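The values are calculated or read from the model by the stated rules, or taken from the named source; none is laboratory data. Owing to the predicted nature of the structure, the values given are computational and were not obtained by experimental measurement. For neighbour counting, all protein chains shown are included, and Cβ atoms are generated from backbone atoms with ideal geometry for every residue, glycine included.
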């Protein structure tokens, strides 16, 4: 039985983390992290390289022991009940944690057997998951012949064999091309539809927005912000509208006009003279339309107009006042995967 | 930390023995499939006994055989049991290198996040390596017979092979510990080589120790490979056995009892 002071509304906690600390020598990979993930939701843990994301996932999957603090997953303590905890989790790392030398089917069958499925059921489960992740045709081929996307899909399938209550996705699309990334996202969304609780780590705001319902932003081992995606977007200014007038001389008058109109709520409009662009933070589609309307009303000819989500860097800049791509701090060997981006 | 988190029941039931066996079986299958995918990985087990038998019998056989009071055929009887002992050690060394490579792949993280005993991953590795050792031994015996080895006592032969397997599995825990602890497969291999060379050649495996200087003899006498070679020799070709047999079994028990818990502990706590 588990009891928590859950400040989020409703829902039983699937993951509860309190004051988690992990040091590597003088480096604090985790420096007192608190986290709550409610059952059936997707929690995105957003942070730059070396923020401690992988360390967090490794502790929550019993691969590392914390130096202080507590963590419960599905009611089991990571330190004191590792065997029971391992029954309830699925893990997908940045590097596909599947056996390269074995065929896809054998990978899934092996894990089924290690999860104590009887032979027949392990076989059936392997077939079923290969089908579901569109890998049936590659079932008998060794994994080292798979494409990057196929490997990630097999990795996801492997994590799902034991019907985990909580699934960890540690940067599931790092290093994938955009098309493959969309494939993986679709698979993850389908799994979430089945009611799995997901803890997702990512460096991409876009990925968090696609998959997560709530976000925790961590930096240098500490939680620096958390909450719903919309809430966080509001904090960092939602999308950015990049407006490039044909005549660069129009930049400043345009900026002044938009500021006077007071359309953009939080961050101020900025001028990028080098690229001849006006960067307008907007919070909603209505604001976006209003900006476009105002520009049109003034009769300015535009060379281009694009919108973009705030990059992780911009999120960090507005939350912490420093850039995400901090100078390379000495990171523990266990976070080495994060460096391979 | 606040009292925000509490659990009533903190028990964590042990994994039953049958589950351990099932997990080990599944992992043995994995390692056997590796061999099927990559038959070249059997090259050492297949060619080492052929090359070593031919080299030693035809290069050293004549002169050492003379010293033994016979000829090349006399040396064949001497060196084949010795090569059995050498094979046991060389195959045991390979397990460390292989495991180190395996350990540094992502799949180990998955195994360690599964509800299985940490020992089963290591035991499976040992089982497969012992099977490889048996293949190497079978080839050694076939080549040995072809170059003139005379099998006089099949029971003794079986006992000698069994003894080599028991000793080899004890030694594998040492190399598994190295494999888990050291950073790269290369360093495991280099370390293994450094340990292996003096132990193999400073022994009675290839030549009788009678003409060696005194200080070396005292090393070879305590060298467990000498004991294994001499015990195998006694069992396969007749002669005194008891002393070396007990010594070898003693070494095997001590190595396993000390190093198996160390290897499993290192494997469990390695992050």
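Is it the case that residue B:161 is within 30 Å of residue B:79 (Cα to Cα), within 14 Å of chain A (Cβ to nearest Cβ) and at pLDDT 85 or above? Even if it seems obvious, please write down each step before you answer.
Working: within 30 Å of residue B:79 (Cα to Cα): yes; within 14 Å of chain A (Cβ to nearest Cβ): no; at pLDDT 85 or above: yes.
Taking the combined requirement at face value, the residue does not satisfy it.
Give me a count of the residues in segment B:257-271 that are within 14 Å of chain A (Cβ to nearest Cβ), surrounded by 13 or more Cβ atoms within 10 Å (Cβ to Cβ) and part of a helix (DSSP H, G or I).
3
Can you find, within segment B:19-28, the residue that is farthest from residue A:143 (Cα to Cα) among those that are at the interface with another protein chain (Cβ under 10 Å from one of its Cβ atoms) and surrounded by fewer than 17 Cβ atoms within 10 Å (Cβ to Cβ)?
B:19
Listed here are the residues, each with its yes/no results for (1) touching a residue at least 12 places away in the same chain (Cβ under 8 Å); (2) more than 14 Å from chain B (Cβ to nearest Cβ); (3) within 18 Å of residue A:215 (Cβ to Cβ); (4) out of contact with any helix residue (DSSP H, G or I) (no Cβ under 8 Å at 6 or more places or on another chain).
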| residue | (1), (2), (3), (4) |
| --- | --- |
| A:22 | yes, no, no, no |
| A:34 | yes, no, yes, yes |
| A:42 | yes, yes, yes, no |
| A:45 | yes, yes, yes, no |
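Counting only residues that are crowded, with 21+ Cβ neighbours inside 10 Å and within 15 Å of residue B:49 (Cα to Cα), how many does segment B:142-160 have? Working first, answer last.
So the first thing to find is which residues in segment B:142-160 are crowded, with 21+ Cβ neighbours inside 10 Å, and the list is B:144, B:149, B:160.
Still in the running and within 15 Å of residue B:49 (Cα to Cα): B:144, B:149.
Total satisfying the criteria: 2.
Checking residue A:209 against (1) in contact with a strand residue (DSSP E or B) (Cβ under 8 Å, 6 or more places away or on another chain); (2) surrounded by fewer than 22 Cβ atoms within 10 Å (Cβ to Cβ), only one condition comes out false. Which one?
(1)
For segment A:17-42, enumerate the residues that are surrounded by fewer than 23 Cβ atoms within 10 Å (Cβ to Cβ) and within 24 Å of residue A:205 (Cα to Cα).
To start, the set of residues in segment A:17-42 that are surrounded by fewer than 23 Cβ atoms within 10 Å (Cβ to Cβ) comprises A:18-19, A:21, A:23-28, A:31-32, A:34-36, A:38-41.
Listed by number, the residues that qualify are A:31, A:32, A:34, A:35, A:36, A:38, A:39, A:40, A:41.
Tally up the residues in segment A:161-180 that are in contact with a helix residue (DSSP H, G or I) (Cβ under 8 Å, 6 or more places away or on another chain) and within 18 Å of residue A:201 (Cβ to Cβ), please.
Number satisfying all stated conditions: 11.
Examine segment B:192-208 for a residue that is surrounded by fewer than 17 Cβ atoms within 10 Å (Cβ to Cβ), in a helix (DSSP H, G or I), modelled with pLDDT of 90 or more and within 15 Å of the chain's Cα centre (by Cα), and state whether such a residue exists.
no
Output the residue which, of all residues in segment A:111-121 that are in contact (Cβ under 8 Å) with a residue 40 or more places away in the chain and either surrounded by fewer than 23 Cβ atoms within 10 Å (Cβ to Cβ) or in contact with a strand residue (DSSP E or B) (Cβ under 7 Å, 6 or more places away or on another chain) (or both), is farthest from the other protein chains (Cβ to nearest Cβ). Before the answer, list the steps.
First pass over segment A:111-121, keeping only residues in contact (Cβ under 8 Å) with a residue 40 or more places away in the chain: A:111-112, A:115, A:117.
Checking which are either surrounded by fewer than 23 Cβ atoms within 10 Å (Cβ to Cβ) or in contact with a strand residue (DSSP E or B) (Cβ under 7 Å, 6 or more places away or on another chain) (or both) leaves us with A:115, A:117.
Numbers: A:115: 7, A:117: 10 Å.
Among those that are in contact (Cβ under 8 Å) with a residue 40 or more places away in the chain and either surrounded by fewer than 23 Cβ atoms within 10 Å (Cβ to Cβ) or in contact with a strand residue (DSSP E or B) (Cβ under 7 Å, 6 or more places away or on another chain) (or both), it is A:117.
Looking only at segment B:94-132, which residues are within 14 Å of chain A (Cβ to nearest Cβ) and under 12 Å from the mean Cα position of the chain (by Cα)?
B:125, B:128
Go through segment A:189-208 and report how many residues are part of a helix (DSSP H, G or I) and either out of contact with any helix residue (DSSP H, G or I) (no Cβ under 6 Å at 6 or more places or on another chain) or closer than 20 Å to residue A:74 by Cα (or both).
Keep residues of segment A:189-208 that are part of a helix (DSSP H, G or I), which gives A:189-193, A:205-208.
Still in the list and also either out of contact with any helix residue (DSSP H, G or I) (no Cβ under 6 Å at 6 or more places or on another chain) or closer than 20 Å to residue A:74 by Cα (or both): A:189-193, A:206-208.
The qualifying residues number 8.
What number of residues within segment A:126-173 are more than 30 Å from residue A:75 (Cβ to Cβ) and within 13 Å of chain B (Cβ to nearest Cβ)?
Residues that pass the stated criteria total 7.
Are any residues in segment A:68-82 within 7 Å of chain B (Cβ to nearest Cβ) and under 21 Å from the mean Cα position of the chain (by Cα), and if so, which ones?
Selection gives A:72 alone.
Which of the residues belonging to segment A:47-85 are out of contact with any helix residue (DSSP H, G or I) (no Cβ under 7 Å at 6 or more places or on another chain) and in a loop (DSSP other than H, G, I, E, B)?
Listed by number, the residues that qualify are A:51, A:52, A:61, A:65, A:67, A:75, A:79, A:80, A:81.
Looking at segment A:83-110, which of its residues are at the interface with another protein chain (Cβ under 7 Å from one of its Cβ atoms) and closer than 25 Å to residue B:17 by Cβ?
Correct list: A:83, A:84, A:86, A:87, A:89, A:110.
Does segment B:73-87 include one or more residues that are more than 28 Å from residue B:267 (Cβ to Cβ) and either surrounded by fewer than 20 Cβ atoms within 10 Å (Cβ to Cβ) or within 14 Å of chain A (Cβ to nearest Cβ) (or both)?
Yes, because at least one residue in segment B:73-87 is more than 28 Å from residue B:267 (Cβ to Cβ) and either surrounded by fewer than 20 Cβ atoms within 10 Å (Cβ to Cβ) or within 14 Å of chain A (Cβ to nearest Cβ) (or both).
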